[in-house]
Structure formats: C-alpha cells, structure tokens
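Take a look at the structure below.
The values are calculated or read from the model by the stated rules, or taken from the named source; none is laboratory data. Keep in mind it's a predicted model, so treat the numbers as computed, not measured. Glycine gets a Cβ as well: all are built from the backbone with ideal geometry, and neighbour counts include every protein chain shown. Each accessible area value is taken on the protein alone, full model and side chains, heavy atoms only, with ligands, DNA and RNA left out. Shrake-Rupley method; radii C 1.70, N 1.55, O 1.52, S 1.80 Å.
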Amino acid sequence: MKSIMRSCLGLFVLLTVITGVIYPVFVTGLAKTLFPSKAAGSIVYQGDQAIGSELIGQNFTDAKYFWGRPSATGPQPYNGNASSGSNQGPLNPALADAVKGRIEALQSADPGNTLPIPMDLVTASASGLDPEISPQAAQYQASRVAKVRKMSIDHVNQLIAANTQDRQWGIFGEPRVNVLKLNLALDGN
C-alpha cells in the first residue's frame with residue numbers, strides 16, 4: 001500500500017511540475033519570442049505612454065471621435081474585469097429601452113444623418129468589450145466626425161478604409177475597424 005501511495009504521490013508531483021511549471025513557462029516564452037506585442041496584451045502606445053489595447057474597447061463619447069460598440073460591463077463601460085453581456089433577451093423591455101436610448105443619442109449627435117443605423121452601434125456584444133465596429137458603423141459616423149473636425153468627408157473615408165481589416169485569412173469573420181486605431185489616425189491629421 002505504501003509503494004502505491006509513494007508512486008501516486010511521485011506521479012502527482014511530476015505532473016504538477018510538468019503541467020504547472022515547465023509547460024506554462026515554455027509556452028509563455030515561445031509566445032513572447034514569436035509574438036511579443038500580442039503576448040503583452042496588444043498594447044497601443046503613443047510615444048512611450050500606453051493609451052489602450054487593440055483588444056479592449058474604450059468609451060469614446062466626444063462627437064469628434066468614432067464611437068465603438070456599446071459596452072454591457074459594469075460599473076463602468078469596457079471594464080476588463082467585468083467582461084459579460086447584458087443577458088437581456090430580445091423580448092426584454094430593458095434591452096428595447098437601451099437600444100432606443102442609443103438610437104436617440106446617435107440621432108441627436110448627427111441630426112441630418114439619414115443612413116440606417118447599423119446594429120453594432122446600438123447593441124452590446126457578448127463580452128461587452130469589443131474594440132471594433134463594422135465598416136458600415138464607421139461610415140454611419142463619418143459625416144459627424146468630418147463636420148466636427150472640419151475635415152473633408154473624403155479624407156475621413158480614406159482613414160476608415162486605411163483602418164479597415166479584412167476577414168482573417170480572407171475567410172474568417174467579417175471586415176472590421178478598430179475604433180482606437182481609427183481615432184488615433186484622426187488625431188494624427
């Protein structure tokens with residue numbers, strides 16, 4: 001019985017060292033070597049200052065910026081520690097009220113805009129942290145941003161096109177625009 005317990009304990013310690021120490025250190029080291037930016041959280045820098053991540057949205061509310069997809073996290077928007085959806089179904093009156101309020105906010109920020117409002121500007125994602133919007137959502141906001149910044153709509157559209165990522169490997173996902181990168185490109189002009 002003692003030899004069986006000793007063997008089991010030895011195997012437990014060995015597997016703990018392999019799977020709990022050696023493997024994580026190896027994978028982390030490999031990731032930092034092959035993908036240093038991604039392994040460090042895809043942090044976006046302006047000079048030496050970290051200003052955000054490509055992977056987590058930010059709460060842009062000023063009319064001179066493109067706005068991201070609404071966040072369902074609490075207590076503040078885009079809270080990485082509270083990643084979650086609202087868990088409100090399509091028949092929930094609270095969801096209908098939230099969408100109605102977001103539509104009103106978009107319309108009041110750009111009253112002359114007659115384009116249909118893209119769904120991703122009024123509904124939150126499952127994580128509540130989306131850093132990207134659809135090209136249609138960016139196009140919807142282009143006239144507002146151009147007016148506020150006193151830029152030509154063509155220039156704003158060029159910035160949208162330059163910051164639009166295609167489907168991954170041409171087949172996965174949908175085209176998307178990273179809101180932080182697009183807003184930084186705007187600030188650079």
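Points to keep in mind about this one:
- With every protein chain in place, the range 39-93: carbon and sulfur % of accessible area (1.4 Å): 48
- Average Cα contact separation per residue, the range 1-139, under 8 Å, 6 or more apart, as relative contact order %: 24
- Ordered by 1.4 Å accessible area with all protein chains kept, Thr16, Thr33 run largest first as Thr33, Thr16.
- Flagged links, alpha-carbon separation over 31 Å, of Lys100/Lys147; Lys32/Lys64; Lys32/Lys181; Lys38/Lys100; Lys150/Lys181; Lys32/Lys147: Lys32/Lys64; Lys38/Lys100; Lys32/Lys147
- Rg over Rh [alpha-carbon atoms, Kirkwood Rh] for the chain: 1.15
- Stretching the chain fully between Ala161 and Ala40 yields a gain of 40.8 nm (0.36 nm per residue, less the alpha carbon separation).
- For Asn157, the shell of other residues with beta-carbons less than 14 Å away shows a net charge of +2, using +1 for Lys and Arg and -1 for Asp and Glu.
- Virtual spin-label span in nm between Met5 and Lys150, 7 Å along Cα→Cβ: 8.3
- Alpha carbon centroid spacing (whole Å) that separates the range 146-189 from the range 37-116: 16
- Potential lengthening between Gln168 and Glu54 on full extension [0.36 nm per residue; Cα-Cα distance subtracted]: 39.5 nm
- Viscosity 0.692 mPa s, temperature 37 °C, Stokes-Einstein D of the range 73-131 from Kirkwood C-alpha radius, µm²/s: 260
- When +1 charges are put on Lys and Arg Cβ atoms and -1 charges on Asp and Glu Cβ atoms, the dipole computed for the chain relative to its Cα centre reaches about 480 debye.
- Surface accessible to a 1.4 Å probe, per residue, for the residues of the chain, Å²: 63
- Dividing the summed helix terms, -39500 (n - 2.57) for each DSSP H run of n ≥ 4, by the number of residues in the chain produces a 222 nm estimate of -13500 deg cm²/dmol to the nearest 500.
- If you run the Gaussian network model on the chain, springs between alpha carbon atoms under 10 Å, then out of Gly173, Gly80, Gly128 the most flexible one is Gly173.
- Total formal charge among the other residues, if their Cβ is under 13 angstrom from that of Ile117, Lys/Arg +1 and Asp/Glu -1: +1
- Kirkwood Rh, Cα atoms: Rg over Rh of the range 100-189: 0.96
- GNM result for the chain, Cα springs below 10 Å: residue of Leu91, Leu121, Leu15 fluctuating most strongly: Leu15
- Sites listed here are chymotrypsin sites (Phe, Trp or Tyr not before Pro) in the range 87-189 whose DSSP assignment is loop and whose Cβ has at most 16 other Cβ atoms within 10 Å: Trp169.
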